[in-house]
1. Which members of segment 68-100 meet the condition of being β-branched (V, I, T), in a strand (DSSP E or B) and within 18 Å of the chain's Cα centre (by Cα)?
2. Just checking, which of K52, K42 is among the charged types (D, E, K, R), at pLDDT 90 or above and open to solvent by 80 Å² or more (accessible area, probe 1.4 Å)?
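The values are calculated or read from the model by the stated rules, or taken from the named source; none is laboratory data. The structure displayed is predicted, hence computed values, not measured ones. Ligands, DNA and RNA are excluded from the accessible area calculation, which covers all protein heavy atoms including side chains. Shrake-Rupley method; radii C 1.70, N 1.55, O 1.52, S 1.80 Å.
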Amino acid sequence: MINLAGEAAGGGSGALGMILPFVLMFAVFYFLLIRPQQKKQKQRNALLSSVKKGDKISTIGGMHGTITELTDDTVVLRVNDTTKITFERSAISNVITSAPAPTEKPAGPVKTEKLESNPEQ
């Protein structure tokens with residue numbers, strides 16, 4: 001009888017000893033593989049959503065060009081003066097140079113004051 005009570009108490013710590021390595025393996029996989037991949041995917045999605053007309057980009061195939069048209073799924077690149085090629089937006093590898101942001105024009109006419117110098121003074 002004493003022997004059975006000792007086995008029952010030892011069996012609980014044995015289950016914990018079997019589960020603990022799996023929990024540690026999952027934690028290692030999460031911090032070394034899953035989390036960095038999620039971070040990289042967020043950066044890529046931000047890059048793809050931030051491209052605009054006039055950006056110079058390179059594709060995953062090595063094609064370099066300037067964006068002339070954008071839709072939700074496709075990008076039209078101007079490769080040279082006469083050649084335009086359509087790619088999927090996901091084919092963009094990186095942005096080489098970003099186009100300058102368009103500046104806002106004033107809504108009304110701009111008033112300029114002309115300073116007159118008084119020669120008699």
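1. Answer for segment 68-100, where residues must be β-branched (V, I, T), in a strand (DSSP E or B) and within 18 Å of the chain's Cα centre (by Cα): T74, V75, I92, V95, I96, T97.
2. K42
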